[in-house]
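Below is one structure, written out as C-alpha cells; comments come after it.
Please treat every number below as a calculation from the coordinates, not as lab data. No experiment lies behind these values; they were computed from the predicted model shown. Every residue, glycine among them, receives a Cβ derived from its backbone with ideal geometry; neighbour counts consider all protein chains shown.
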C-alpha cells in the first residue's frame, strides 16, 4: 500500500516537472525557431533585393548567382527552424509516456506512433537541408568537390533508408 502511494506521488511530481520543463523548453525552442525563420526571411529579402534592384557591389551574373545562393541559404534556415521544436516535443512526449506507462498502458502505442510520425518529419527536413546544401555547393563559386558530393549523397541515402524503415514501421 505504501509503495503504491509512493509511486503515485513520484508520478505526480514527475508530471509537474515535465509540465514546467515543457513550458521552459517550449519558450526556448519557439524563440530559436522564430530567430531562424527571421534569419531565413532576411536572407530571402536580401536575395530579392540583390536580384531585383542590383543592390550591392557585384555586377551582372555575379549578382544573380549571389542572390540564388542567398535564397538557398534562407531556404536552409527555413528547413532548420522547426527541427529544435520537433526534437524537444518528441522527447517530452516520450518521457511523459514513459512515466505514465504504468498507469495507462493503452496509451503507449499512440505515443509511439506520434513519435514515429515526428521522426519521419524530422528525417524529411534533414534530407531537405542536405539537398539544399548540396545544391548551393553545386551552384556556388567554388564548385563541388568529389568528396563533398559523395559525402552528401551518402548522408541523403542514409536518411532516405531510415525514412523508408520508419514509414514501413508506421504503416504496420
**OP:** For residue 12 and residue 117, calculate 0.36 nm times their separation in residues minus their Cα-Cα distance, and state this gained length in nm to one decimal.
**Re:** 35.0 nm
Original post:
Using the beta-carbon distance between residue 170 and residue 34 and R0 = 25 Å, what value does 1/(1 + (r/R0)^6) give for FRET efficiency, to the nearest 0.05?
Top reply: 0.25
**OP:** Order these peptides, 157-165, 129-137, 71-79, by their mean beta-carbon neighbour count within 10 angstrom, highest first.
**Re:** 71-79, 129-137, 157-165
Original post:
How far apart, in nm, are two points set 7 Å out from the Cα along the Cα-to-Cβ line at residue 45 and at residue 94?
Top reply: 3.7
